[in-house]
1. Suppose a student asked you for the relative contact order of the range 192-279, using Cα pairs under 8 Å spaced at least 6 residues apart; what percent would you report?
2. Restrict the search to the range 70-140; then list the trypsin sites (Lys or Arg not before Pro) that DSSP places in a loop and that have at most 13 other Cβ atoms within 10 Å of their Cβ.
3. Treat the range 154-221 as a sphere of radius equal to its Kirkwood radius over Cα pairs and apply Stokes-Einstein at 4 °C in a medium of 1.567 mPa s; give the translational diffusion coefficient in µm²/s, rounded to a whole number.
4. Per residue of the chain, what 222 nm ellipticity follows from adding -39500 (n - 2.57) for every DSSP H run with n ≥ 4, rounded to the nearest 500?
5. With label points built 7 Å along Cα→Cβ from the Cα atoms of residue 79 and residue 193, find their separation and express it in nm.
6. Treating only the Cβ of Lys, Arg, Asp and Glu as charged (+1, +1, -1, -1), what charge dipole size does the chain show about its Cα centre? Round to the nearest 20 debye.
7. Could you give the spread of the C-alpha atoms of the chain along their three principal axes, from largest to smallest, in whole angstroms?
8. Enumerate the calculated ³J(HN,Hα) couplings along the range 56-66 in order (Karplus 6.51 cos²θ - 1.76 cosθ + 1.60, θ = phi - 60°), each rounded to whole Hz, writing x wherever the residue is Gly or Pro.
Amino acid sequence: MRFFDQIWEILECGDKELKFDKFKQFYAEYKAGKFDAQIEEGGKFDEIKPLRRPSYAAFCEVVAMREIGGKKQAEKQKAFLHSIVHIEYSAVDIALDAAYRFRALPKAYYDDWLEVVEDEIRHFKMIEEHMAKFGVKYGEFTVHDGLFIALQNTSSSLLERMAVLPRYMEANGLDANAFMLKKLETEREKDESKARLCEILQVILDEEISHVSKGNRWFKFACEKEGVSPEIYSQIVQKIYPKAFLQSRELNVSARLKSGFNEAEIEHIKNIAKAGKAE
C-alpha cells in the first residue's frame, strides 16, 4: 500500500488498539526508508480524501462543542480524566491528518508529524492507564468534536492548518496544562493518584512544547512559500475563530517562548484579550 493511503487507513480506523498497532508497524517501515521514493513523488497518484467523521465516533457519543456543557457528566473526576484522554486521542488524528493531507513537502515535514503521532499515542496510553484505576474507559462519556471541526476548517491550506492547530489550539493546551498542574499542586502530596496525574501532565506539557515548535517551523515555511509575513498569524486564526485569544486564562509564556512564539506575538495575544474585556 502506498504511503498516503496507508496513513489514511490508520487515520480512519475506529478501533484504537488496531489503529495503534497499524501505526507502529507503518512507522517502523517509514523509519527504515520504505516510503522515501513515494514521498519524493509528492503523493501525486493518491486521492486526498475529505474528512467526513472523526474516528472516535465509532465508540464515543459525539456532540458539538457548544453542546458539551449541557450534557450531564456524572462523577466529575472521571469526566475530567476522560476529557484529557479524548484530547490526546484527537491529537493522534490531528498529527496523522497533517501527514496525510499536505503533499509535495520536504521529508522533514513528515518526519515531524509522524514523530508527533508516536508521542500522542504514548500520551494517550499514559492517561488511559491512569484512568483505568478509577474504572473509566475511553468512550464512556460524551465527547465534543471541536478539534475535528478545526481539521475540516483548515483542510485546504497548510498555512491555516499550522496556524490554527499547533500554534493556536495546541499552544492553548500549553496554557491549560500549566493551569491544571498549578491547581493540582496543593493536592499532590496528599493524594497519590493526583501526584501520578501531575507526573503525566508534566510529561505531556514538556513534549507538547516540541509539537508547537514543529507547528511554528512549518507555519513559517508556509508563510515563506505563500509570500506572507508570520505576523498574519492572529488574522488567520480570527478569520476561522472570531473569538480567538479572548480567553482569560493566563498564558504559559515560558512554554510559548520555548515553542517558537516571540515576545511581540505574546504581547499581541494579551492585547487582544484585554481589548475583548474592555468591550
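1. On the way: 38 pairs, mean separation 31.1, N = 88.
Relative contact order comes out at 35 percent.
2. Numbers: sites: 71, 72, 76, 78, 101, 103, 107, 122, 125, 133, 137; in loops: 71, 72, 103, 133, 137.
Loop-located and lightly packed - 71, 72, 133, 137.
3. Details: Rh = 13.0 Å.
Translational diffusion coefficient: 99 µm²/s.
4. On the way: 12 runs with 178 residues, N = 279.
The helix contribution divided over the chain gives -21000 deg cm²/dmol.
5. 1.6 nm
6. Working: 43 positive and 48 negative charges, 136 e Å.
Value, rounded to 20: 660 debye.
7. 55, 44, 32
8. Working through the residues one at a time gives 6, 5, 5, 9, 10, 7, 10, 10, 5, 4, 5 Hz.
No value in this document is a laboratory result; all are computed from the given coordinates. These numbers come from a predicted model, not from an experiment. Note: ideal-geometry Cβ built from the backbone for every residue, glycine included; neighbour counts use all protein chains shown.
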